[in-house]
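Take a look at the structure below.
None of the figures in this text is laboratory data; all of them are computed from the coordinates on show. Every value quoted in this text rests on a predicted model; they were computed, and no experiment measured them. Every residue, glycine as well, gets a Cβ built from its backbone with ideal geometry; the counts of neighbours run over all protein chains shown.
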Amino acid sequence: MKRIFWIASIFFLLSVPTFSQSRQTFFTGVFPEVSITRKLTETQKLNFKIENQHVIFDNRDREEENPQFSHYRTDIMGFFDHSLRPGVSVALGLFHRFQEGEDGNRIIQQLAVLQKGRSFRVNHRFRADQTFTRNQALELRFRYRLSVELPLEGAEVDPGEFYLLSSAESIFSHKGGEFEIENRLAASLGKFFSRKEKLEWGVDYRTDGYLQDGFRTRLWAKISYYYNF
Amino acid sequence: MKRNVLILLIVWMASWSVSFAQDKVEREVRVKSDEVPDRAKSWLKDAFEKVKRPKWFLEYSQAGKAFEAKFWWEKHYHSVKFDSLGKLIDVEIEIAKEEMPSSSWAKITSYFESEFEEYSVMKIQRQLVGEESDVEDFFDEEETEGITLRYEIEFHGKKDSWQIWEALFDEGGEFISLVRVQIRPVDNLIF
């Protein structure tokens, strides 16, 4: 547990400098998500996921408006995943976003490749997606996410044990003739209850507006529940 | 899960049972050296003199507790397993395909070719089982008397679909058993 404490402290300290950036857009809040996966056959599964983001602090708002608890967006998505080989799968997803004035739909294509070490797992996720938002140009994105999962008790994550999951993702997008880049860093502490259930607590730090508009950072306190059946 | 299956095989081998045991490792945790029985540490020191700080693990299963030391020795990754009192159960050594005796490997590949449409070997482990003194002699003097050698091979194999498998073969490459290995859910990594 000592190790968990130190890891959590390091990630907290890393996230602190973002609060002091006042000239760029910054907002933070809570980000719960639920993922439900249904195994169809040995090689096929369906995933349904719902994510919700509520803003607690936004530096664009007047001082008296913070702290707040305002709905930012809710995303629902479904994936059909087909395994090509153990640890290698392709998926097709449909996504809908509920966001004030910016409801949108997205189609997602995905390739995931899992590598396993003696005590860790590394996953490479490649995604292409196309987002359709009313009165806006089509947005095309290509994303790559690298995730590393480490057991915190022993050489393998066993039921009842904690693990650490961290990921880095870069997103390249093109919309209405303009290119943009977004980066995401996430770190969470997970508990593997059983093959059916997992729970993760973490932080998700996102930066965008590198090429267009103003630079923006978002920091989310994330809680994720995963159910498999 | 792969670990579970590995332990399952070891427990089965240790019990010399005819039927495949239903024992399952419930959990394994890292432990400090001073929590390990002296008998195990002492055997390890005699057999592998230059190994300074092996990583120790304690495994819980329906069969009871077992201690396992993991370390690198002469460019090979070793796992040495002891029962709860510190008595040696077996030694497993990861080896490369090229280190397999060619006659045994020929038999093993012919098994793969007959049972699977396609296959790809991921990991080969040489298992040594025997009396503590015999296994120690094996490492000190390369003396094989009293030693039972087996090969445990983890591979991707395609029957109806691709799966991960773990097969056990005797020293000559004769097939003993086959189990399927399940990957721990990856939903948090891919979605």
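Computed on the Cα trace of the protein assembly as shown, the radius of gyration divided by the Kirkwood hydrodynamic radius gives Rg/Rh = 1.05. Three principal axis extents describe the C-alpha atoms of segment B:25-182; from largest down they are 49, 36, 25 Å.
By the count of other C-beta atoms within 10 Å, a proxy for reagent exposure, A:ILE50, B:ILE153 are ordered fewest to most as A:ILE50, B:ILE153.
All C-alpha pair distances within segment B:116-191, sorted into 10 Å bins from zero, spread as 17, 35, 26, 16, 6, 0 percent across the bins.
Computed from backbone phi with θ = phi - 60° and the Karplus coefficients 6.51, -1.76 and 1.60, the 3J(HN,Hα) list for segment A:119-124 is 9, 9, 10, 10, 10, 10 Hz; x is used for glycine and proline. Sorted ascending by nearby beta carbons within 10 Å, beginning with the fewest, A:TYR210, B:TYR111 become A:TYR210, B:TYR111. Listing A:PHE98, A:PHE192 from fewest to most neighbouring C-beta atoms within 10 Å gives A:PHE98, A:PHE192. Here the Karplus relation 6.51 cos²θ - 1.76 cosθ + 1.60, evaluated at θ = phi - 60°, turns the backbone of segment A:184-195 into coupling constants of 10, 10, 9, 9, 9, 9, x, 10, 9, 6, 6, 5 Hz, with x for every Gly and Pro.
Per-residue shielding of A:44-57, expressed as the average number of other chain Cβ atoms within 10 Å of the residue Cβ, stands at 1.
Straight-line cross-link partners of B:LYS45 among the lysines, defined as a Cα under 17 Å from its Cα and at least 8 positions apart when in the same chain: B:LYS32, B:LYS55, B:LYS70, B:LYS81, B:LYS87. Annotation note: GluC sites (Glu not before Pro) in segment B:53-111 located in DSSP loop regions with a Cβ neighbour count of at most 15 within 10 Å are B:GLU74.
Evaluating 6.51 cos²θ - 1.76 cosθ + 1.60 at θ = phi - 60° for every residue in segment A:49-65, the Karplus couplings come out as 9, 10, 10, 9, 10, 10, 8, 10, 9, 9, 6, 8, 8, 5, 3, 6, 7 Hz, glycine and proline recorded as x.
With the helix formula -39500 (n - 2.57) applied to DSSP H stretches of n ≥ 4, the protein assembly as shown reaches a computed 222 nm mean residue ellipticity of -5000 deg cm²/dmol.
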